[in-house]
Amino acid sequence: MSGRRIAGLVAGVGLLALSLVLVLLAADVLRVQRALEHGDSRFGPVAGGVGMWEADTTLPAGVAERVLGVDDDMAYRIAVQRFRLAQPRQPVQQFSQLTVRAGADRRLAAAIREEDDPQRRAALHLLRGGLALEESRLGADSGPPIRRAVTQFRLAVELDPTNVDAQYDLELALRLLARSGDTSGGSGERAATPASGAGAGTAGRGY
């Protein structure tokens, strides 16, 4: 067999393999889109379970998501879900609950780093602040977690000034911080109560 025929055969096999990969990728993209839609429809009334937005793809995990450009969308959904699964307002009865909440906080922090949309970043900061605020109820020294909450709520307000829940929670956290005898406002800054918020009649309900 001549070199030209061998080269032609190799090129034909390569094109066939590429065609197969493209067909598989198209199928995976469709599966990912359907998984996102199905997961979103379930997430409204319930927190769901781990992997509820994940699709059973043929190609390696993440390929179809990167093609669709939904990596940050997935990270946002999963982070919010982890917060809900952590049930931060429930009384702590087992150490495992604290582990789940710590995991949720790490997931929220990672999603913030990936998120470009300021309103969604604000929402993620709001949830991190909520976790910190609930943590302040667990120990005798409430100052450090309240300061973390103030920092997160302030970031949320700066990113999205229209977020009344963040305004409400920021003022609440600042009041709790003042009540604890701490005059700092988050990360070493002097506390400054915003013009709007709970005390100003804003209809926010908090995280």
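The values are calculated or read from the model by the stated rules, or taken from the named source; none is laboratory data. All figures in this text were calculated on a predicted structure; none of them were measured in a lab. Neighbour counts are summed over all protein chains in view; Cβ atoms, including those assigned to glycine, are modelled from backbone coordinates with ideal geometry.
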Tell me the residue from VAL80, VAL100 that is closer than 20 Å to ASP165 by Cα and of a type in the set (Val, Ile, Thr), please.
VAL80
For ARG101, which of the numbered conditions (1) modelled with pLDDT under 95; (2) closer than 27 Å to ASP71 by Cα; (3) surrounded by fewer than 18 Cβ atoms within 10 Å (Cβ to Cβ) fails to hold?
(3)
So which of ARG82, ARG89 is under 23 Å from the mean Cα position of the chain (by Cα), charged (D, E, K, R) and either modelled with pLDDT under 80 or assigned to a helix (DSSP H, G or I) (or both)?
ARG82
Against the condition surrounded by fewer than 22 Cβ atoms within 10 Å (Cβ to Cβ) and either in contact with a helix residue (DSSP H, G or I) (Cβ under 9 Å, 6 or more places away or on another chain) or at pLDDT below 95 (or both), how does ARG128 come out, does it pass?
no
